[in-house]
Structure formats: structure tokens, C-alpha cells
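What follows is a set of notes on a single structure, which appears directly below.
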Amino acid sequence: MEKVVIDNVELVLAHPVTVKSDWIGQIEPMRQIQACWIVLDESDFPLTPRVIGHPGIGKTTLAIAAARSRGQDVYIMQCTSDTRPEDLLVTPVLSDQGKISYHASPLLTAAIKGGIAILDEGNRMSEKSWASLAGLFDTRRMVESVAAGITVTAHKEFRAAVTMNEDSSTFEIPDYIMSRLQPGIKIPFPGREDEMKILSYSLPFSSGQILDMCVDYLQRAHDLELPYSVRDGINIIRYALKMKECGKSEDVEGLFGKAVTQILGEGSMDLDKMAQTRRMSGIDLTSMSLGDYFFSDDEDLNPDLDGDDDGEDDDDEPLIPGMDWGGGIKNG
């Protein structure tokens, strides 16, 4: 265990992650994270980006790969609704001899050692916890631990990124924190070629037949704006192959269908019906503009004449919404 002494308080430091994470395809998100961490001058400071996307799309993998490209240690802090301010900094631990030792979190260890911290699923954390980090992510670059009674000034090489899921089980992060977590880097679903490369890399023991079936399924799901990700595809293929290994007599297509149903739920093989159900349940209503509730797309009074649901008339909007694989991604 590595230890340091700050303000006469001994801290036990956390260990960096050692997992191998390679990023395949979609060069633009990687370039954007790397740009955030560049310092242009002695008076400049790195940015702390938000990496945004659906669960399982590879946000953490991207952040780890970007950190590895800088040759720095990577520390991951898993955020939950129960994360307390001191969980993010220093935790007092009572030993069997009755002595208290102070353990630095992965985030604080990165700040001390000059590593890169990834706050995973940051929008699951409450405002109270975020408030304790405000000084670390602005020009002060320092943070105070009440439990240990110390103030830590971040190493000049310290960098950070926050991953955020796009789902309903998250907190709304207050504006004064969001202003410190900029810019937002959105990761779209990969195109067919990239998705095939990711699945082939992750499942080198898989046959081409089931890989093709899975990519076809996922690409159709992306077209219908269903939240099925590469991670789902990997789990589907692994489960189907394991069932086959256990002596299931069905053909690959049958095993694939069973795996999809058991992993994604009943009816998930019928993607068109799943998309219709989501629309009818109102899941996508928040993306509608006000005019959509009163006017059809072709009515002159509809403020969203271009039909892209953003309330603006963009003459250069691509013919197929969301298809921007070659030119980068749209920041949010």
C-alpha cells in the first residue's frame, strides 16, 4: 500500500485500474477528450468533459483508452445515489487495533499522484456530493476533506472526465456544477463496420454467422432509436454460444432468438413492435417540440418546419437524422 503524508495526516492511496481497454472506431470522440486534457500555457487549465451516451455504448472504455494514450495511471470512481461527499475524498477506517487510518478515494489519489480520474455514471450522484468537488474542477484545483482535516491541491498533471448515462434513473446536476463539467461529448451508436469490429474484437471465438446476425439486429435497433448497445450484443452472443456448448440442439438462429429474449426481454425480437410500444408509452415525448403537440409536420404554423424536432429550420440538416459518422459527433 502506497502512503503519503499531507498536513501531518497519513493517507493510504488507492490503486490504479489495470484493465486493458482498447477503443475501436469513432475517432472523433477520442480526439475531443484528448483535446480537453491539453494545456496550452502555464496559465491554462485542463477541461473536465462529460462523456454522454446510452448504457453499454462504451463511455468508460473510451475514457480509459484516452487516458492510456497519455501514459498516465487511471483511477475509476463509481458514482451512485448513495455516494457521500467523503466517499469521494477520504474514508476513515478503524483497524483491529483501534487505530483510525485514512484512505484516499480513487479520485483524490488521482489528484495527488497526477493521474486521470473517471467519475463513472456521475449523474447518479446527488448535488450534495457534487458540491464537495466544486473547487477541484475549477481554477482553484483544490479540494478539502472534512473527515481528515486536510486540503489537497491537485497535481498539475491531474485530469478527469465524467461519464453520464442517458436514462431516467439519474439526478439533474445543478448548473453551477455543469458549468465545471464542460464540454459534453456525445457518443452515438456505432455504424455497421465499427460495430462488427467491436464484436469481433470482443468475441474472437465467435462464428461469422452469429456476428452478422447480431450486427443486423443492433443496426436495426439503432435505426429505430431503441437503446440496445454493443454490450447487449456481446452478452447475447456469449449466451447463445454457451447454450450451444451445453448441448442445445437448436440452430444458431434459434439460439440467437432465445438469447435476445432472455437478455432484452419478451418481444425484443420484434424491433418494430418494441419501437412502437416505446412511442405509445411516451418515452420519447420529451424530444418533441411544442408545435408537435398542435400541428403536423407539413403545416405552415409548425415552428419546426424542418422536422428535426429541435425547433429550428436547418437547411443543411442531413437527409437521414443522426447519420454523422464520418464528420464527427454533435456535442450536447
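Pop out the ³J(HN,Hα) list for the range 182-188 in order, Karplus 6.51 cos²θ - 1.76 cosθ + 1.60 with θ = phi - 60°, rounded to Hz; leave Gly and Pro as x.
With coefficients 6.51, -1.76 and 1.60, one gets 10, x, x, 10, 8, 9, x Hz.
Once phi is turned into θ = phi - 60°, what whole-Hz ³J(HN,Hα) does the Karplus curve with 6.51, -1.76 and 1.60 give for every residue of the range 146-157, x standing for Gly and Pro?
Values per residue, Gly and Pro as x: 6, 4, 8, x, 10, 10, 10, 9, 5, 4, 5, 8 Hz.
Which residues' amide hydrogens lie under 5 Å from the amide hydrogen of residue 150, considering only partners 5 or more residues apart or on another chain, with H built in the peptide plane?
145
With a cut-off of 19 Å, note down the residues of the range 5-21 whose backbone N falls inside the zone around a label point 7 Å from the Cα of residue 86 toward its beta carbon.
Under 19 Å, as judged by backbone N against the label point of residue 86, lie 6-14 of the range 5-21.
Once you place label points 7 Å from the Cα toward the Cβ at residue 202 and residue 250, how far apart are they in nm?
The two pseudo-label positions are separated by 2.1 nm.
What's the ranking of 201-208, 46-53 by average number of surrounding C-beta atoms within 10 Å, highest first?
Peptide ranking by packing, descending: 46-53, 201-208.
Tell me the per residue accessible area of the range 1-52 using a 1.4 Å probe; a whole number in Å² is fine.
Per-residue accessible area for the range 1-52 comes out at 62 Å².
Can you give me the pair-distance distribution of the range 122-271, C-alpha pairs, 5 Å bins, whole percents?
1, 8, 15, 14, 13, 9, 9, 9, 9, 7, 5, 2, 0
Scan around residue 103 for amide H atoms under 5 Å from its own, H built in the peptide plane at 1.01 Å from N, and keep only partners 5 or more places away or cross-chain.
Answer set, sorted by chain and number: 12, 91, 93.
Between residue 156 and residue 171, what is 0.36 nm times their sequence separation minus the Cα-Cα distance? Round to one decimal in nm.
Computed gain between residue 156 and residue 171 is 2.4 nm.
Give me the accessible area of residue 274, 1.4 Å probe, in Å² rounded to the nearest 10.
Surface accessible to solvent at residue 274 totals approximately 50 Å².
Each residue of the range 110-117 in turn: what ³J(HN,Hα) in whole Hz from Karplus with 6.51, -1.76, 1.60 and θ = phi - 60°, glycine and Pro shown as x?
After applying 6.51 cos²θ - 1.76 cosθ + 1.60, I find 4, 5, 6, 8, x, x, 10, 9 Hz.
Express the accessible area of the range 148-214 per residue in Å², computed with a 1.4 Å probe while the remaining protein chains stay in the model.
It amounts to 48 Å² per residue over the range 148-214.
If you take the beta carbon distance between residue 1 and residue 269 as r and set R0 to 56 Å, what does 1/(1 + (r/R0)^6) give as a FRET efficiency, to the nearest 0.05?
0.65
Based on alpha-carbon centroids, what's the gap between the range 112-154 and the range 1-71 in Å, whole number please?
The range 112-154 and the range 1-71 have Cα centres spaced 14 Å from each other.
In Å, what Rg and Dmax follow from the Cα atoms of the range 44-195?
According to the Cα coordinates of the range 44-195, Rg and Dmax are 16.0, 58 Å.
The values are calculated or read from the model by the stated rules, or taken from the named source; none is laboratory data. Please read these numbers as outputs of a predicted model, since none were measured by experiment. Positions of Cβ are generated from backbone atoms using ideal geometry, with glycine treated the same way; all protein chains shown enter the neighbour counts. The accessibility values were calculated without ligands, DNA or RNA, using every heavy atom of the protein model including side chains. Shrake-Rupley method; radii C 1.70, N 1.55, O 1.52, S 1.80 Å.
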